[in-house]
Every structure is written in C-alpha cells, then in structure tokens.
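Only one structure is covered here, and it is reproduced in the block below.
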Amino acid sequence: QVQLVESGGGLVQAGGSLRLSCAASGTIFSIRTMGWYRQSPGKARELVADITGDNTNYSDSVKGRFTISRDNAKNTMYLQMNNLKPEDTAVYYCRADVRTTLWDGYEYWGPGTQVTVSS
C-alpha cells in the first residue's frame, strides 16, 4: 500500500556534492520516522541519518557533511551530501515508519539508489 522511491544517486568526484530524495506514496495516514541507510559490497547496512519531527540523528562518519530534511506536505525526505568521499560509495536506501490508518503502522524500504564517489 506504500511505496518509497529514491532518486538523485549517481557518480561524483571526491569533494563534490549530491542530493538524494525519497518520495513516499500510497495509503499514508502519517509518517513518523524517515531515514537513510547505506550498504557497500561486503559490508552490513548502516544508518546514515534519520529524522523524526524536528529531531535528527547522524552517523559519526557523516556528521558535518550530510544534512537530512523533510517536506511533510510532499511526503518526501532529502539527504544533502557535501564533501563526498570514496568511502561514501554505497547503495543508499530510504526507510520510513508509516501509519496507513489511525491504528496500523509499518516499516517500508525503498529499492535503493547507487552513489559512487571517485577519487
């Protein structure tokens, strides 16, 4: 009933910037937490940043470089990534805790978008 779609991934040089978007659509009553996760080959998926209301949380590895934000009217989340490093190369996934009714809530994931940072 709910779909998340990421966009904005691509190839960028080290030191460059990229802006990711995640749009939620479908049967949405409200969205509580939205977050970005990433996974590179041979490594576990890790939290990059998440946002609940006005509260944000960042991985230590991206603090000061990445900024997470939301446009609630559009059910869309963004991740502004600055000063990108080769270590940031990964598939980035969108996650959302979505209420589809007054009483029911579920966790949803997007299919991911590739971010590649060249040195």
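Residues in segment 61-81 that are farther than 16 Å from Q3 by Cα, touching a residue at least 12 places away in the same chain (Cβ under 8 Å) and not aromatic (F, W, Y): S61, V62, R65, T67, I68, S69, R70, L79, Q80, M81. Free of Cβ contacts under 8 Å to residues at least 60 places away in the same chain and crowded, with 20+ Cβ neighbours inside 10 Å, is that true of A44? The answer is no for A44. Filtering segment 83-119 to residues that are closer than 15 Å to L47 by Cα and of a type in the set (G, A, S) leaves A90, A96, G110, G112.
Is it fair to say D88 is among the acidic types (D, E) and within 14 Å of S21 (Cα to Cα)? So D88 does not fit the description; no.
Screening the candidates G64, G112, G26 for the property of being of a type in the set (G, A, S), touching a strand residue (DSSP E or B) at 6+ places or on another chain (Cβ under 9 Å) and more than 25 Å from A14 (Cβ to Cβ) yields one hit, G26. Residue count for segment 82-119 satisfying the condition of being more than 13 Å from E6 (Cβ to Cβ) and open to solvent by less than 20 Å² (accessible area, probe 1.4 Å): 4. Please determine whether any residue of segment 16-36 is hydrophobic (A, V, I, L, M, F, W, C), open to solvent by 40 Å² or more (accessible area, probe 1.4 Å), more than 24 Å from D104 (Cα to Cα) and in contact (Cβ under 8 Å) with a residue 60 or more places away in the chain. No; the residues of segment 16-36 include none that is hydrophobic (A, V, I, L, M, F, W, C), open to solvent by 40 Å² or more (accessible area, probe 1.4 Å), more than 24 Å from D104 (Cα to Cα) and in contact (Cβ under 8 Å) with a residue 60 or more places away in the chain.
The values are calculated or read from the model by the stated rules, or taken from the named source; none is laboratory data. All values derive from a computational prediction rather than experimental measurement. Here the Cβ is made from the backbone with ideal geometry for all residues, glycine too, and neighbour counts use every protein chain on show. Just the protein is used for accessible areas: all its heavy atoms, side chains included, with ligands, DNA and RNA removed. Shrake-Rupley method; radii C 1.70, N 1.55, O 1.52, S 1.80 Å.
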